[in-house]
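First up is the structure itself, then whatever we jot down about it.
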């Protein structure tokens, strides 16, 4: 059985079964919100750094219109380019550093599958799109926090079941 098709069953103290469906990306967005920090492709890396620091995020979606994903730029992208090209990187356009082959997900995608995709691709941020339009962004931290909450809830239900509550 693949992770995205797994269904969890929890027993309550009155011996009834509560079924928890696999978590979807939309559940994460409902909790964290759908705000996305974007930057235009022609902005400088210096502008991007200021925006990353100001918004306290690790990546920005690059978008000409604020609605479609043209690319993504992360702190890692900038650090790697700085290491390669030095200080001249700061004045370059975001479009010269951004990843253009962006992996996205939809609100209906399963969080387990998203976690596997992020792990395999070794990236920390995935824009969420719906009908081709930006609908949010999920970070690996969002995924880990959701999984921790899920495990805490499962532990709580199992403890109550074993204790007879």
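We did not get these values from a lab; they are worked out from the coordinates using the rules stated. From a predicted model like this one, the values you see are computed outputs, not experimental measurements.
Which entry is the computed Rg and Dmax of the Cα atoms in Å for this structure: (1) 19.5, 67; (2) 21.1, 73; (3) 25.5, 103?
Label (1) holds the value from this structure.
Would you compute the Debye intensity of region 73-165 from its alpha-carbon atoms alone, equal scatterers and no solvent, and pass along log10 I(q)/I(0) at q = 0.10, 0.13, 0.14 Å⁻¹ to two decimals?
For the requested q values the scattering log ratios are -0.42, -0.62, -0.68.
Relative to the first principal axis of the alpha-carbon coordinates of the chain, what is the inclination of helix 45-55, with its axis defined by its Cα atoms, in degrees from 0 to 90 and to the nearest 10?
30 degrees
So what's the angle, to the nearest 10 degrees on a 0 to 90 scale, between helix 75-85 and the longest Cα principal axis of the chain?
Computed tilt is about 30 degrees.
What per residue convex hull volume, in Å³, comes out for region 18-69 when only alpha-carbon positions are used?
Per-residue hull volume (Cα only) is 95 Å³.
Nearest 10 degrees is fine. How inclined is helix 140-163 to the longest principal axis of the chain, computing both from alpha carbons?
Roughly 10 degrees, rounded to the nearest 10.
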